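Encoded as C-alpha cells, the structure appears first; notes follow it.
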Amino acid sequence: MDVFIRLNNQTVGRDKIIRLFQYGSRAGWYYTQNKLVTYQSNDILKSLEYTFSSFRKLLRLGRFLDSLYSALSSMKYPNLVIRITLTLSKISNALYLLADHIIWVGRAGLLKVNIDKWNTIANKYWLMTIVMNLTRDIYEILQIMEEYNLTRVSKINLESKNYRYNRYRTLFYLTSHKDVVLDTIKNGCDFFIPLTALGYTKFTPGMVGILGFISSAIGIYCLIDPLAKLSPA
C-alpha cells in the first residue's frame, strides 16, 4: 500500500498506473469478446480504455514544455551518442505530447480538430521517440559487451567448446545491468504500438494491449526501484 501511495503521489506514477489499466482493458475486451461474457462487459471495458486514455491526456497537459526544457540539459551530456539520441528523443517526445494535447482539445469539444490526422502525427513522433530510445539501448548494450571484451570473440572461440560458455557469460553480464535490459524490453514492447497504429504492422488490439501492459508494468517497477531506471533519462 505504501508503494501504491508513493506512486499515486507522483504525476508520472499516476500516469503509469492508468496506462497499465488502459492497455489491460484493451487486452481484456479483445480476448473476451468471443467468450461466454455479456456484450455489456465488453462495452464497459472499451469504455474504460477510452476513459483511461482521455484521463492520461489530461494528466499530460503542458508536459511538452517539460520535455523541451529537459532536452536543453541532455545537450550538455559528454557522450556523443547518448547526447544525440537522448536529445532527439526528448524533442520528438515533446512534439508527440503537443500533438496529444491537440487531440485532447478535440475530444473535449473545445475546438474542432481532425483527430485522425493528429493521431497519425502523434504516433509518428512517438515512434521516433522509441527509435531513438532503442538506438541508445543498443549502444548501451554494445558498451557493456565491449567492457567485458565480448564483442571481439575470436573465430577459434566461436568454433570451440567455449562458445556456449561465452554465450552464457554474455547473458550474465547483460542481466547484471538490469536498467539497460528493462529499458530495452520496455521500448521493444512500445515499438510495435505506434507501428500498428500507423499500419506498418498488423498486431491485434489484444496483442497491442499485452505489449502496452508489459511496458507499463516495467515502467512502474523502474519508478519503485531507482536502480532499475536507466540513467540519464
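The values are calculated or read from the model by the stated rules, or taken from the named source; none is laboratory data. Just so it is clear, the structure is predicted and the values come from calculations on it, not from any experiment. Cβ atoms come from the backbone with ideal geometry, glycine included; neighbour counts cover every protein chain shown.
Brief remarks on what is shown
- Restricting attention to region 70-123, the residues being modelled with pLDDT under 95, among the aromatic types (Phe, Trp, Tyr) and farther than 21 Å from Ile138 by Cα number 1.
- As for region 72-93, it holds no residue that is of a type in the set (Phe, Trp, Tyr) and part of a helix (DSSP H, G or I).
- The set of residues in region 209-226 being at pLDDT 95 or above and over 13 Å from Cys189 (Cβ atoms) is empty.
- Any hit, region 124-143, residues being modelled with pLDDT of 95 or more, over 21 Å from Cys189 (Cβ atoms) and surrounded by 19 or more Cβ atoms within 10 Å (Cβ to Cβ): no
- Every pair of residues 6+ apart whose Cβ atoms lie under 6 Å, when the first sits in region 56-81 and is over 24 Å from Gly13 (Cα atoms) while the second is aromatic (Phe, Trp, Tyr): Val81/Tyr139
- Residues located in region 59-110, provided they are touching a Pro at 6+ places or on another chain (Cβ under 8 Å) and either crowded, with 20+ Cβ neighbours inside 10 Å or within 14 Å of Met128 (Cα to Cα) (or both): Leu86
- Checking region 209-228 against the condition returns a match, with at least one residue being surrounded by fewer than 21 Cβ atoms within 10 Å (Cβ to Cβ), in a loop (DSSP other than H, G, I, E, B) and free of Cβ contacts under 8 Å to residues at least 60 places away in the same chain.
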